[in-house]
1. Which residue out of GLY238, GLY254 is surrounded by fewer than 24 Cβ atoms within 10 Å (Cβ to Cβ), at pLDDT 95 or above and either assigned to a loop (DSSP other than H, G, I, E, B) or in the same structural domain as ASP47 (by TED's automatic domain parsing) (or both)?
2. State whether one or more residues within the stretch 283-305 are of a type in the set (A, V, I, L, M), within 22 Å of the chain's Cα centre (by Cα) and within 16 Å of the ligand (Cβ to nearest atom).
3. Take the residues of the stretch 167-194 that are surrounded by 21 or more Cβ atoms within 10 Å (Cβ to Cβ) and not in a helix (DSSP H, G or I): which is farthest from the ligand (Cβ to nearest atom)?
4. Any residue in the stretch 269-281 that is buried (at least 24 other Cβ atoms within 10 Å of the Cβ), more than 26 Å from LEU337 (Cβ to Cβ) and within 12 Å of the ligand (Cβ to nearest atom)?
5. Where the second residue is in a strand (DSSP E or B) and not aliphatic (A, V, I, L, M) and the first is free of Cβ contacts under 8 Å to residues at least 60 places away in the same chain and lies in the stretch 159-170, which pairs have Cβ atoms under 6 Å and are six or more apart or on separate chains?
6. Looking at GLU128, GLU143, GLU186, GLU123, can you tell me which residue is out of contact with any Pro (no Cβ under 7 Å at 6 or more places or on another chain), modelled with pLDDT of 95 or more and in the same structural domain as VAL315 (by TED's automatic domain parsing)?
7. Filter the stretch 188-219 for residues that are of a type in the set (Lys, Arg) and touching a residue at least 60 places away in the same chain (Cβ under 8 Å) and give the result.
8. Would you pick out the residues in the stretch 55-67 that are farther than 13 Å from TYR335 by Cβ, more than 16 Å from the ligand (Cβ to nearest atom) and either modelled with pLDDT of 80 or more or of a type in the set (Ser, Thr, Tyr) (or both)?
Amino acid sequence: MSHHRPSFAAIQFAFLTAISTISGIECHSEHHHHEHLRHLQSTTRCDTTDPGKAGEDAIITAVAAFRETPRAQRTSLPIVVPVCFHTLYAAGGAPLTDEKLQSTLNHLNQAFTSSSCCDRALEWCTSEIVDKLCSTETQITFEFAELVGGVVTGDTTVGTSVTALNACVVRTENGDWFTHSKSIDEAPMKDALHLGDRRVLNAYFVDFPNGSLGYATFPFNDNGKLDGVVVGFDTLPGDGGRFGEGDTLVHEVGHWLGLPHTFSGGCFASDGVLDTAKTRDPYNGCTPQLSRPDSCPTSTGADPIFNFMDYSDDVCMYEFTTGQKETMLAMWEFYRLGDGGIAADEIIQLQLGVPSNPIDLFPREKQLYKLPTSTCEVTCTLSGDKEGDVDLFVEYDQVPQYNDGDSCVSESGGNTESCRLQSSGRSLVPLGCRNRSRRQCNDLTVDAIYVGIQGYGISTAKSLVVTCSRNA
Ligand SMILES: [Zn+2]
């Protein structure tokens, strides 16, 4: 999977430059775009790399798969996301206060509920016409992960109090990471500080001298320790100004749960979410409900400038849509919960030399095979229509661990990869396998070989067949 897509900022700048040179645009519109460009230059609302078509595909695949599973019934059950807050600070400075961190978590939780409504301080919000402007109840809540001895335990009973025992709040003095440049500081900071697995939301609070407000990773990429959101320490509730209510964190967490910007794809493509109106470009500022721009007049609906996934000022943002809720739930199930929604404990029996029946895998879904055999001299091969990455794990006499990356180096090219198990003196090791799966076949005999496969990447893998044969 490519991680080298052009940044959104680059695309955006090129797009706006092109727009401003097109003749025949009415004055108001052109003025709007010049205004717009200036805003972007002074403050970069979000440095998250736009996933483009890949993101749209990932959403469509996950939502469609989600609807087919019994787990879709669980949309009536709340999801609790474990959170770790990392507050960075420079020498002579101080971490964010407990009070600030508490109001930040409270705001995040509130934003994901139906009590997130338009700001009553705005005149248009309280008019008769728009009195009921509130968000969808997402049933997604955020509680602190439990941190003991520097390790996230997986226990989810810590709750939402910053001062609770073992609440995952980490205060780190590092001036370089605090004065933050994404290109320079992201990798070393996250390598050192990231906690937990894909389910744990790692949120870092830093200072952006370049005017950026934040950035995030998407769940459908394999981010490893880079997974998480980074937001300006001065964008939190009570900080004031256009971006000082805590909505940058909400926006970045939206990305972390799989939501693109509402304007992703512009007028002609899509953000993958069905009920967010197409939007040509991000909105800056805020304007009343009835005078919202409609930048894609040939498609339904005015621009969703109140949506958390636009670029509007904090005072304007209050909304996730029903479609965005479903997207986040599907993304959570398929990419963050990690078991792909289908039980992996149904083991498919293999026979030596006989191909398995073909199966399909959704992203992150696992399947386990068992080959009863007394010999280690076996080669197991996975083949099929793999649009995304599928990893192959092979282990003697025990269920393999599903780590990222194949247990054997895959054959280059094509849709086939294999793992050859072969004797080496008295020890038998999977040749070419990485260290984590290097387990010896004791005394030259085994009872069984287990083969696990797991879908990664963004696409469904179809017609996968596993064949284990005695070495030629
Ligand atoms: Zn963004």
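The values are calculated or read from the model by the stated rules, or taken from the named source; none is laboratory data. None of these values were measured; they are calculated from a predicted model. Neighbour counts are summed over all protein chains in view; Cβ atoms, including those assigned to glycine, are modelled from backbone coordinates with ideal geometry.
1. The conditions single out GLY238.
2. no
3. ALA167
4. no
5. GLY159/GLU143; THR160/GLU143; ASN166/GLU146; ALA167/PHE144
6. Going through GLU128, GLU143, GLU186, GLU123 in turn, the sole match is GLU186.
7. ARG198, ARG199
8. ASP57, ILE60
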